């Protein structure tokens, strides 16, 4: 797991960049799962699934519990909060841009209505 905020954010976005890893997180949102259970929908080897899970672990999004030969994974969504905060800044930017566009279109529409 990474320590620095910027490195943490990079690790989270790197983990979320892959559709297989996002699907694994969706599955874990429903409850814990073994590596075998998480690999099954993708018809991938346990080695490949473990590689994906390690990326998620490095981002802090998954905790792995080992009991004997069984590896059970648990979702930890807390690291996503930093990514959500980062995206929220840009959401505000786009909301302002769209509000401006809406005002412009309304002004043009009002102007066109007056001319007819």
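Annotations for the structure displayed:
- Within the range 71-105: backbone nitrogen closer than 13 Å to the residue 14 label point (7 Å, Cα to C-beta): none
- Take 65-78, 13-26, 36-49, 90-103 and order them by the average number of nearby Cβ atoms within 10 Å per residue, most first; the result is 13-26, 36-49, 65-78, 90-103.
- Alpha carbon centroid spacing (whole Å) that separates the range 46-116 from the range 1-33: 12
- Residue-averaged 222 nm ellipticity for the chain, from DSSP H runs of 4+ at -39500 (n - 2.57), nearest 500: -22000 deg cm²/dmol
- Where labels lie 7 Å past Cα in the beta-carbon direction, separation of residue 89 and residue 67 in nm: 4.3
- Between helix 80-115 and the chain: long-axis angle, C-alpha atoms, 0 to 90°, nearest 10: 20
- For the chain, alpha-carbon Rg over 2.2 N^0.38 Å: 1.61
- Relative contact order %, the range 5-75, counting alpha carbon pairs below 8 Å whose residues are six or more apart: 36
- Distance between modelled label sites at residue 99 and residue 23, nm, 7 Å Cα→Cβ extension: 4.0
No lab work stands behind these numbers, since they all come straight from the coordinates. Everything quoted here is computed from the prediction, not taken from an experiment. Here Cβ is always computed from backbone atoms with ideal geometry, including for glycine, and neighbour counts include all displayed protein chains.
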